[in-house]
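Down below is the structure, laid out as structure tokens.
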């Protein structure tokens, strides 16, 4: 690492740089590339990522006009075309590592979705994990060779989070040895599955299994939806696109209804449960824990929250370095808006947040791998804690990311509102993370449920697992930070968050017990405490993120310059969080008013400390211009020329005079011809 | 009013109502129509509004498919078509009252913008107010008769808030008695003006006036941009659409550049400043205060913030009443999600906020009319206070509305993300309010500047105007609220906000003075205190909204049932605000931890008090389904059928097999033909 040149993002063009932004790069105090490798969790990963991205970014077959200028039809078509191309190329290049496939694909699809995402992420894995040997032998090669394309159809129009409420039925008919799939109501229509509307030929459909008049709950069935001859929906299959959304324009999220559609008995995936030809149902031998995959999906969302926030903050910081606005002194030069404290206050804590989330994502991902290895060797002890943490972190980070993107957008004034900024598309793609794979409030309440269990263990003096030990180790008291240096001490900052989380978990548990003591049934008591439970779960996740950030700085090998700038970020992240949630810290007297006043002052101070490194800190995210897709966030800072060139491509500018003029404006304007 | 029937929104169809939502209406404790008339500030206004809206909503000429299914080209065309039709109809119907025109037009354009909005709101008024008699006589009739269409071109690509930084020049040439308009740089391109790209023939252009080698600052020039024969841009005029945005798809926000374009001397609007034929410049006799219009525009944005929030919360509350999710007890009925405390916590404070903003908007609007009357009789004393308040309120309310829409959207789970919900279009239309007509941070800092002036007057024992007297009247101390009944007392709640605002204004002034005392120049001291200044301005506005809400309930004639429900809303708004900003109240010990715990408990209590009236409270906003444009927020609650019908119209469903299949999917799928 010592041999590294001080280098900016090697992928970017570095000629004709706007002097305002060049100046920023010149004053940075650390080696950007070194920080990039830390963000990537190792230089080998940086190199691999860049290589995969370059394969896509340098491929002329994958170039196209900005998506903002495409109709939804064009975007869908483009996504399908790219999906086929990308799938072929991944094989051709021999990219087998999942992470590397992700880097290549996401660089190829950019702001579009991958047309076979559900096929590879859900359809194929479900066939592999839920099919018995014979079924796998038949279906997996067909899916692998893309002779069929599938998706995973679970969510229904009237049913989301609560999957037991799903209504689609699969009723076994022993006469013909078939299942009859049926959608009894409009609310039972399958709704939302990706690529379902126009693309897939097959789906794994989750349906309530009925045999011999008894319902055995949800089971997976493989159902052919379209003819392999001409792609027409099969008889009895209602199939279509659910219409445009806030984002995901290229995805044909679909609906699916069945009118007594018959499928062979062997189309029920039978690795675990079975239905015999006569309709006899056999339960699975052991109730499989499918926890693991959910944890991975949520950990990946934490990482995605980091990436989306990194995109947004890269755009906003770079733009703020080249945008000049308002004279500070009469007749003086208009300053870079990055010099306004109010602008710094919007952006710098978000830069720090992005770093905090990145390290949180790495830690949980590595922890996930450990836990899976433990599970494979028969130890499932650690899973509940990680499951609870990943659910909460998914919600905590995606909420902050969601708001953060909009703060970044609005910090760019009017130009942030233009699609040229990249923000509208970015937000549309990122915001569903608050809803999918577990709606955020539901997720936080899951975390809270685990926290309440742990709080119960504290009362019962039972042993607490891993991180949760803080619940028995924290002592009530006051924050010992007195001097500025104390308040900048990462250990003391982490302790403040620990105390807050501890207090809020205990307080929520007390509230819950009080409700139960009043004789309320469990579910009512729980519902009456949502406010406190959500606060407790949030405080727990916040504590994890702060502590993990501090630990990461302490435990990771890095140069002093980088350590210094990361320390500033961690201080800012932590102190800003105290300032923004000051009530939580003040309420029980842990922090007092004088301390809070100091915290505010230090936050202002840290903004000025961070100022010289702001651009370098977002450069370190190493997001190539062709991925950023922002005319105002460009690496070279030449935003105005770029905005103008972009605007000229607007489809409304194809002709100087719009066709509607002849039909509408001309008759009106020339109704009584004006002479000028 | 006593004679009013208990009636639901008369405009809505009332057959085939979803029983879940009918039940909600049956349990409401107050007369919805009575509340509607209060929201409208008088029954006469309700009647007039409904009449104007009905004219548009019942007009088959104004019906069209959902905008989500239109291309931008279609939307622009549709907007122009409607603009012409609507303009004609307003004359035909003889709607002359500005407010009534607004109701008619907005009901006609719905989610589109009015194609001649800038013509009527800016171009014509500027001609009238800035032109001399001869100029008015010439231009005003042309504009009134729509023989020309204009816009107002001020903002440039590189220049927004700071208008002195604008670069477009108008240089007088006495030889030809012409001004030469020129755009010297790419940053000097006019950028953003509505309807500029493809629609208008003329614009009032703001440019730096040069004559005899001297720059006299910004002046308005009327410039013809397109031929009245064929609508082609005139020689030297670069003109086009700036491209798609997060919203406003129907608006051709445009760019405009000049390459030494010559216009006659008399095209400078000369009511105030003049340029003689020989180039002699005459300054205006008195520097006109143009404050007034800005205040009105901002007061109107406060009202718009209320309306946008009312739309969002109407959708979310109604949907939450019909959406059922997750069993509370095993095997029990899935409850309405409106019964979850976490859902109530998201939505009910926003219902209360919408009411609070509505009353704030009315008070400031009525105050504006008073102040204008005072000004007309020579008294300009009250203007600065109202100007500062309106700037701050514009920012305060639009920020809250902006976040509130997204909270509402996400509270509707996946369906909120679909364009069928109406949220994406609503957000795209509403969010620019945070940026236009004064960027929110700039606005709050303007308010802060006035607050600092007032704080200075307190020190100097000078008299303070109007509401500002609280700065000299507030005593430091502790919140006297002890019992629940105290905490629900609107007077004591208002006092808490007064104390907070007072403390934050004083604290910001102290910080500012400390910086100045250190010898920092004014602009640096100011910049170093942005954090505190923004907090002070926000606290001031928040205090106004709380106090005004309480006063409104006290001072307005209304039935007891309505007073009771509004009191609950005001309590919830105020207590929730204390809870969300608890640090501000705790920091100086005004509120203590025990009080805050009670506040939290009362907030939870008020949620349950509000629960039975939730749907009725949003019904009272009286937003017709055809305006709401939400399949999930429909008055009848039949959301799933509506979502399905809507989806079927998606353009991707025009054919069962998408055309891209033949080109891309078929060759892949049939590459090695699968037999199934």
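The values are calculated or read from the model by the stated rules, or taken from the named source; none is laboratory data. Predicted, not measured: the structure shown is a model, and the values here were computed from it. Methodologically, a virtual Cβ is constructed for each residue, glycine included, from the backbone with ideal geometry; neighbour enumeration extends over all protein chains shown.
Quick rundown of the values:
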quantity: Selected residue (criterion: nearest to the chain's Cα centre (by Cα)) from residues of the range A:168-185 that are crowded, with 18+ Cβ neighbours inside 10 Å and over 16 Å from residue A:275 (Cβ atoms); calculated: A:168
quantity: Answer residue from the range A:637-665, given it is within 7 Å of chain B (Cβ to nearest Cβ) and more than 34 Å from the chain's Cα centre (by Cα) and is surrounded by the fewest Cβ atoms within 10 Å (Cβ to Cβ) among those; calculated: A:656
quantity: Residue list for the range A:130-143, restricted to those being under 17 Å from residue A:284 (Cα atoms), out of contact with any strand residue (DSSP E or B) (no Cβ under 6 Å at 6 or more places or on another chain) and either within 14 Å of chain B (Cβ to nearest Cβ) or assigned to a helix (DSSP H, G or I) (or both); calculated: A:133, A:135
quantity: Filter pass, residue A:74 being farther than 30 Å from residue A:272 by Cα, away from every other protein chain (no Cβ under 14 Å) and modelled with pLDDT of 95 or more; calculated: no
quantity: Among the candidates B:630, B:582, residue that is facing chain A (nearest Cβ under 9 Å) and touching a helix residue (DSSP H, G or I) at 6+ places or on another chain (Cβ under 8 Å); calculated: B:582
quantity: Any hit, the range A:522-537, residues being modelled with pLDDT of 95 or more, more than 9 Å from chain B (Cβ to nearest Cβ) and closer than 30 Å to residue A:612 by Cα; calculated: no
quantity: Spans of helices (runs of 4 or more DSSP H) in the range B:595-676 with at least 1 residues touching a residue at least 12 places away in the same chain (Cβ under 8 Å) and either within 16 Å of residue B:420 (Cβ to Cβ) or touching a strand residue (DSSP E or B) at 6+ places or on another chain (Cβ under 9 Å) (or both); calculated: B:625-628, B:639-648
quantity: Check on residue B:572, assigned to a helix (DSSP H, G or I) and in contact with a strand residue (DSSP E or B) (Cβ under 6 Å, 6 or more places away or on another chain); calculated: no
quantity: Qualifying residues in the range A:667-676 (those that are at the interface with chain B (Cβ under 7 Å from one of its Cβ atoms) and over 18 Å from residue B:86 (Cβ atoms)) - the one modelled with the lowest pLDDT; calculated: A:674
quantity: Residue A:335 surrounded by fewer than 16 Cβ atoms within 10 Å (Cβ to Cβ) and either within 19 Å of residue A:36 (Cα to Cα) or touching a strand residue (DSSP E or B) at 6+ places or on another chain (Cβ under 7 Å) (or both); calculated: no
quantity: Qualifying residue in the range A:502-521 (condition: part of a loop (DSSP other than H, G, I, E, B), modelled with pLDDT of 95 or more and crowded, with 18+ Cβ neighbours inside 10 Å); calculated: no
quantity: Matching residues in the range B:77-90 - criterion: being away from chain A (no Cβ under 13 Å) and surrounded by fewer than 18 Cβ atoms within 10 Å (Cβ to Cβ); calculated: none
quantity: Pairs with Cβ under 7 Å, 6+ apart, first in the range A:352-377 and touching a residue at least 24 places away in the same chain (Cβ under 8 Å), second surrounded by 14 or more Cβ atoms within 10 Å (Cβ to Cβ) and not in a helix (DSSP H, G or I); calculated: A:362/A:41; A:371/A:382
quantity: Flag if residue B:281 is surrounded by 15 or more Cβ atoms within 10 Å (Cβ to Cβ) and more than 14 Å from chain A (Cβ to nearest Cβ); calculated: yes
